[in-house]
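Coordinate-derived values only; no laboratory data. Given the structure is predicted, the values throughout are model-derived calculations rather than measurements. Positions of Cβ are generated from backbone atoms using ideal geometry, with glycine treated the same way; all protein chains shown enter the neighbour counts.
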Amino acid sequence: MKEITSSDFEKEVLHSGKVILDFYSTECPPCEALAPKFESLADLYGHKINFIKIFRQENRELASSLKVSSSPTLLFFDNGKQILDTISGGIKKSEIIDRLDSMLSSEEVSEIKIKQKPTFSEYDVAILGGGPAGLTAGIYLGQAKLKTVLIDPALPGGYMGITHQVSNYPGFEKPQNGYMLAHYMSEQAKHTGIDYKVAVDITSVDLLKKEIVIDKSETIKAKKIIIATGTTPNTMNAPGEKEFKGKGISYCATCDAKYFVDKDVTVIGGGNSAVEEALFITKFAKKVTMVHQFDKLTANQTAIEQLKANAKIEVLYEHEPRAFEKRGDKMIAHIENLKTKEPFELISDGVFVFIGFKSNISVLGNTIPALDKWSYIITDEDRKTSIPDVFAVGDIISKKYRQITTAVADGTIAAITISKELI
Ligand SMILES: Cc1cc2nc3c(=O)[nH]c(=O)nc-3n(C[C@H](O)[C@H](O)[C@H](O)COP(=O)(O)OP(=O)(O)OC[C@H]3O[C@@H](n4cnc5c(N)ncnc54)[C@H](O)[C@@H]3O)c2cc1C
């Protein structure tokens, strides 16, 4: 593996056969997550493909000429030509392997796969999920000097990372950007010395054997496992929803509202998330029409009052979407009036769906802990599940209130319980 500067680019990249080029920065958590993957792949593929790193902050002109605007970004070259698509952000090992394999012949790929050796590591505690619940457990376990690994298919932060502003997390006088709160918590956990395996593929989880396999080849065995995998937004399963997901239908206002400046937006839902997110979308959109199945909103009173005072929002009570389609740039929501049964078309520039969440239990393999009737994990007051030495914390557990503060409390309780048991 080589580190270059702009002046070496022509020789080392354009006249150097097959190349993977990593634009990295310092103080960049996704770059830190990528570094060990890049190194281990350089060991495997390095004799066929040149692995090159370049510091983006000091080579900005070259970066912008290659349309690289964030770190880390990976680019691929073959005989001086840029090939394949670039990847950036929380990059998974499998995403890089797919691209590297496509640059080689099948014989070369087989030769490399034979060399790849599975790895095995042992920990006191493995935490599945790096939202506020998992990160807090990590902070306490790291401070208790327990050998701990935090595993997440994404970068750490969970929903905090996509929440526009958090105004109810104690300790901050002013509302905090969600991604900054996520950053502070993640850095705090990292400084306690726990290991991070983030932006990884979770290949399998065996809660009875306490074994987790990531990226197909890395087995992690732990004495205790904490499940902190949170929830996923519900979908409506209406015709057209899947087809237009990400192409007119979104589940994340923080991610996508900025694309709707002075546009008309439809919001499906009427609970806390729907109302709070609709309010946020009005910072950009000209008009927001909410479609809600009941005759009143089910959000908290403060949010409802803010909504009523916002002239940009109209609510269609007792209406439900039946299907979605796209005509030109417009999204058409086929809506039914639940009282009169009359159908009509609601035309807007984009649709946001906020209709609750489901627990992320599907990754837990064949042996799942006891669940409540909504498929949330039942725990005792120490956050122990029905499976010995398996704990669950945060939004994934059966409980009444799902907030950052309650997730953080769960993580604390499980970690202190484990610390006492493993002393
Ligand atoms: C839009 C929105 C706004 C919100 N605003 C607020 C607010 O202002 N204040 C407040 O207190 N609460 C707010 N909440 C609620 C709060 O964010 C959650 O209660 C809290 O994040 C739950 O924490 P968690 O760690 O349990 O789960 P999450 O935050 O959901 O984190 C779960 C983590 O697990 C990871 N994961 C998923 N699958 C796997 C797997 N198979 N293996 C390993 N890891 C996995 C995910 O990538 C994620 O990082 C909001 C929620 C939403 C959706």
task: Go through region 336-349 residue by residue and turn each phi into a ³J(HN,Hα) via Karplus (6.51, -1.76, 1.60, θ = phi - 60°); whole Hz please, and just put x for glycine and proline.
output: 10, 6, 5, 7, 8, 6, 7, x, 7, 9, 9, 9, 8, 8
query: How much mean residue ellipticity at 222 nm does the chain get from its helices, if each DSSP H run of length 4 or more adds -39500 (n - 2.57) and you divide by all residues, to the nearest 500 deg cm²/dmol?
result: -8000 deg cm²/dmol
task: Taking the Cβ of Phe391 as the centre, find all other residues whose Cβ is under 15 Å away and add up their charges (Lys, Arg: +1; Asp, Glu: -1).
output: -1
message: Per-residue counts of other Cβ atoms within 10 Å, averaged by peptide: what ranking do you get for 110-116, 67-73, highest first?
response: 67-73, 110-116
message: Under 8 Å for C-alpha pairs, at least 6 residues apart: give me the relative contact order for region 159-218, rounded to a whole percent.
response: 21 percent
task: Could you please rank Arg322, Arg402, Arg56, placing first whichever residue has the fewest other Cβ atoms within 10 Å of its Cβ?
output: Arg322, Arg402, Arg56
query: For Lys221, which aspartates and glutamates qualify as cross-link partners when the Cα separation must be under 12 Å and same-chain residues fewer than eight apart are set aside?
result: Glu122, Asp124, Asp206, Glu211
query: Where q = 0.11, 0.14 Å⁻¹, what log10 of I(q)/I(0) comes from the Debye formula for the chain, counting one point per Cα?
result: -0.99, -1.30
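Counting only other residues whose beta carbon sits under 13 Å from that of Asp262, what net charge do I get with K and R as +1, D and E as -1?
Numbers: positive: Lys258, Lys263, Lys283, Lys286, Lys287, Lys312; negative: Asp264, Asp349.
Net charge around Asp262: +4.
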- prompt: Can you sort Glu218, Glu3, Glu320 so the residue with the fewest Cβ neighbours within 10 Å comes first?
  reply: Glu3, Glu320, Glu218
message: What is the angle, in °, between the Cα long axis of helix 29-45 and the longest principal axis of the Cα atoms in the chain? Nearest 10 is fine, range 0 to 90.
response: 40 degrees
query: Looking at the chain, what % of its DSSP beta bridges pair antiparallel, to the nearest 5?
result: 45 percent
- request: Quick one: which residues, 5+ away or cross-chain, put their amide H under 5 Å from the amide H of Ile87? H built at 1.01 Å from N.
  value: Leu74
task: Quick one: grab the alpha carbon gyration tensor of region 1-150, order the square roots of its eigenvalues as a ≥ b ≥ c, and give me rounded if a/c is under 1.5, else prolate or oblate depending on whether a/b is larger than b/c.
output: oblate
- request: Before anything else, pin down the relative contact order of the chain: Cα pairs under 8 Å, at least 6 apart, normalised by residue count, whole percent.
  value: 14 percent
- prompt: In which sequence would Phe354, Phe280 go, from the one with the fewest C-beta neighbours within 10 Å to the one with the most?
  reply: Phe280, Phe354
- request: Whole Å is fine, so just give me how far the alpha carbon centre of region 103-166 lies from that of region 338-386.
  value: 24 Å
- request: Would you mind getting the Kirkwood hydrodynamic radius of region 230-362 from its Cα pairs, rounded to one decimal in Å?
  value: 14.8 Å
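Out of all DSSP beta bridges with both ends in region 2-115, state the antiparallel percent to the nearest 5.
On the way: 11 of 20 bridges.
Taking every DSSP beta bridge within region 2-115, about 55 percent pair in antiparallel fashion.
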message: Compute the distance from the alpha-carbon center of region 392-407 to that of region 228-295, in whole Å.
response: 23 Å
statement: Taking Cα atoms, the helix 178-191 axis meets the longest principal axis of the chain at an angle in degrees (rounded to 10) of 40 degrees
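Give me the net charge for the shell around Leu104: Cβ to Cβ below 12 angstrom, other residues only, Lys and Arg +1, Asp and Glu -1. Numbers along the way, then the final one.
Values: positive: Lys18, Lys48, Arg99, Lys113; negative: Asp78, Asp98, Asp101, Glu107, Glu108, Glu111.
For residues surrounding Leu104, the net value is -2.
As an exercise, identify the chymotrypsin sites (Phe, Trp or Tyr not before Pro) in region 1-104 lying in DSSP coil whose Cβ has no more than 13 other Cβ atoms within 10 Å.
On the way: sites: Phe9, Phe23, Tyr24, Phe38, Tyr45, Phe51, Phe55, Phe76, Phe77; in loops: none.
Passing both the DSSP loop test and the Cβ count: no residue.
Using +1 on the beta carbon of Lys and Arg, -1 on that of Asp and Glu, and nothing else charged, what's the dipole of the chain about the Cα centre, debye to 20? Write out the running numbers ahead of the final one.
Values: 52 positive and 56 negative charges, 74 e Å.
Once rounded to the nearest 20, the dipole reads 360 debye.
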- request: Please determine, in degrees from 0 to 90 and to the nearest 10, the orientation of helix 132-143 with respect to the longest principal axis defined by the Cα atoms of the chain, where the helix direction is its Cα long axis.
  value: 40 degrees
query: Just for region 287-407, what percent of DSSP beta bridges are antiparallel, to the closest 5?
result: 75 percent
